[in-house]
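Remarks on the structure that follows.
Rule-based calculations on the coordinates, nothing more; no lab input. Given the structure is predicted, the values throughout are model-derived calculations rather than measurements. Positions of Cβ are backbone-derived with ideal geometry, glycine not excepted, and every protein chain shown enters the neighbour counts.
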Amino acid sequence: MAATKKVYKSVDDLPLFLKVSDLADVLQISIPKASELVHSDGFPKLDRQLSGKRIIIPKQAFIKWAEENMVS
């Protein structure tokens with residue numbers, strides 16, 4: 001069974017902490033591309049010592065990063 005993609009209509013719909021799969025849904029990119037983005041320099045995520053094996057992206061930090069990295 002294929003995974004169901006979530007559709008976020010507003011930033012208010014985002015969870016407080018995003019997973020890589022949430023990031024992929026928000027940006028409408030593949031999970032491998034989202035994982036690559038998460039591992040890029042300057043991308044906000046919790047330290048793995050705090051979050052265990054999972055990559056966790058704080059919503060507010062992601063929004064700030066997105067605003068600062070917009071191309072006009």
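Once the C-beta distance of I63 and S35 is scaled by a Förster radius of 25 Å, the resulting FRET efficiency is 0.80 to the nearest 0.05. Relative to the current alpha-carbon distance between V71 and Q49, full extension at 0.36 nm per residue lengthens the span by 4.7 nm.
Normalised by the number of residues in the chain, the mean separation of alpha-carbon contacts (under 8 Å, six or more apart) gives a relative contact order of 30 percent.
With 10 Å bins beginning at zero, the pair-distance distribution over Cα atoms of segment 15-68 amounts to 26, 64, 11 %.
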